[in-house]
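Here the structure is laid out as structure tokens; the discussion comes afterwards.
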Amino acid sequence: MSGFDSEFDAVVVGSGPNGLMAAVTMAEAGRRVLLVEAAGVCGGGLRTEELTLPGFRHDVCATILAMALASPAFRGLGLDVEWAHPPVPAAHPLDRRPAALVHRDPERTAESLGRDSAAWRATVGAAVRAGFPLVDTLLAPLSPPKAPFSAARFGAPALLPLTWLARSAFRTPEARAVLAGMAAHSMLDLRAPLTSGYGMMLAVLAHQVGWPVARGGSQALADAMVSRLVEHGGEIVTGHTVRSLNELPPARSILLDLTPRQVVAVAGDRLPAAYRRRLTRFRYGPGVFKMDWALSGPVPWRDPSVASAGTVHLGGTMEEIARSEADVARGRHPERPFVLAVQPSVADPSRAPAGAHVLWAYCHVPNGSDVDMSEAIEAQIERFAPGFRDVVLARHAMGPAALERRNPNLVGGDIGGGSAQAGQFVGRPVYRAHPWATPVDGLYICSASTPPGPSVHGMGGLQAARLALRREERAAARV
């Protein structure tokens, strides 16, 4: 490694999935790339560590990587990653009723919803039939649509609040709860616009590509991207926190996998005052309180079918989930929070010693919360899996402050890089024709704080890198 004493074509700061995608895209285009990461290992939200006991491998943040299979950014790379699919992508337990299951097969899922089978086919099923052109359109909201008619058909219900769509389109508690659990990934009040779209999109991915994990841990995906970058001559410096652009070597393009708060801190007075003020007004979303467990055996779910699911949404009915998310939106801590749980070892037994399992779960909390939600989370698990605590060997908890210490991009525990509310759906971080570009020549933002927002899809990095390459080529043509 040459460190910072050489000149590069591109410097990327931050090695989350978007930063890695930006670096790889620039390197594959023949640019000499330097990637700088504050942590000791690359990956950002794609890190895997032994958080509880030796031999138990836990993903620090992202585990279910459906977007990585669906995204055109990752589809174009063909990385050497082994994917493991749980028998059932997602389950939603209910009190005194069988759990609702979302299968890979959309028809099997529809049939299981009884009176709502036709409604599932007409909403989620129609989007599944539209295929990857629709997914590509939704993941590139500022580009010409590849499936304009399918996007329009998807968009009509997608713009609605989840509570409105669920009550108007579905009649059974199971279907309403399933869609509410999907929509709650948005970390928004489910009475807010666009929440139906977030829920439908995740359901579509469960059918289209599944909800897989990377065998061995999410770190495997980051490691594969690092290997691709190195293959193309990219250089990496870890363990260095960039506090100012002045620290970086000369480069035609600098791409920041940072949220607006860090961009302002790093770029400082290089940014025009008006743009800097707009960045400071960027809204961050709720935080999360996350727990990881080492288990002596499988979770003792009351409904045995839940044991086959990779992801389990714990919140009861749509009405309960909506109340919980509304509380968080108002700055409150729900007594019965919506809990998103993931059972990685259902799909990938290598995550734990023979016969043992790992489990993680989080609930949403107000941004920057310092309230310990451990008891509330475990109570929700016990509600649907009595005796859960009896199989716990060790537990590890991280509130918003601990998450932000591990990854400064998780401001106040916000794992989405900013609120996903309607005003910031495409206005991330500000409204511009090319929001990845700053007013400073050659300076770009490529984090989840740019369109299309959060999740492991790499599209922010891809779009920023492609924009930088186009502008470099135009500048060279003028010389």
| said: Looking only at region 347-365, how many residues end up being outside any loop (DSSP other than H, G, I, E, B) and within 15 Å of D292 (Cβ to Cβ)? | reply: 8
| said: Against the condition crowded, with 19+ Cβ neighbours inside 10 Å, touching a residue at least 40 places away in the same chain (Cβ under 8 Å), farther than 25 Å from V288 by Cα and of a type outside the set (S, T, N, Q), how does M200 come out, does it pass? | reply: no
| field | Positions within region 104-136 being open to solvent by 20 Å² or more (accessible area, probe 1.4 Å) and β-branched (V, I, T), in sequence order | value | T123, V128
| said: From the list A177, A183, A166, A222, exactly one residue is in contact with a helix residue (DSSP H, G or I) (Cβ under 7 Å, 6 or more places away or on another chain), free of Cβ contacts under 8 Å to residues at least 24 places away in the same chain, open to solvent by less than 20 Å² (accessible area, probe 1.4 Å) and part of a helix (DSSP H, G or I). Which is it? | reply: A183
| field | Number of positions in region 248-287 that are open to solvent by 10 Å² or more (accessible area, probe 1.4 Å), part of a helix (DSSP H, G or I), within 19 Å of G413 (Cβ to Cβ) and not charged (D, E, K, R) | value | 2
| said: Condition first: part of a loop (DSSP other than H, G, I, E, B) and either open to solvent by 30 Å² or more (accessible area, probe 1.4 Å) or among the small types (G, A, S) (or both). Now tell me which residues in region 30-51 satisfy that. | reply: G30, R31, R32, A38, A39, G40, V41, G43, E50
| request: For region 209-219, state whether one or more residues are assigned to a helix (DSSP H, G or I) and under 23 Å from M21 (Cα atoms). | output: yes
| query | List the pairs whose first member sits in region 148-163 and is farther than 7 Å from S196 by Cβ, whose second member is open to solvent by less than 40 Å² (accessible area, probe 1.4 Å) and β-branched (V, I, T), and whose Cβ atoms are under 9 Å apart, counting only residues at least 6 apart or on separate chains? | reply | P148/T137; S150/T137; A151/T137; F154/T123; F154/T137; F154/V204; T163/T195
| query | Of the residues that sit in region 421-458 and are surrounded by fewer than 24 Cβ atoms within 10 Å (Cβ to Cβ) and aliphatic (A, V, I, L, M), which one is nearest to L69 (Cα to Cα)? | reply | V426
| Any chance E404 is acidic (D, E), more than 20 Å from the chain's Cα centre (by Cα) and not in a loop (DSSP other than H, G, I, E, B) | no
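Tell me, yes or no, whether region 183-193 has at least one residue that is among the small types (G, A, S) and farther than 19 Å from H364 by Cβ.
There is no residue in region 183-193 that is among the small types (G, A, S) and farther than 19 Å from H364 by Cβ.
The values are calculated or read from the model by the stated rules, or taken from the named source; none is laboratory data. What you see is a predicted model, and the numbers here were worked out from it, not measured in a lab. No Cβ is skipped: glycine too gets one built from the backbone with ideal geometry, and neighbour counts run over all protein chains shown. Heads up: the accessible areas ignore ligands, DNA and RNA and are worked out on the full protein's heavy atoms, side chains in. Shrake-Rupley method; radii C 1.70, N 1.55, O 1.52, S 1.80 Å.
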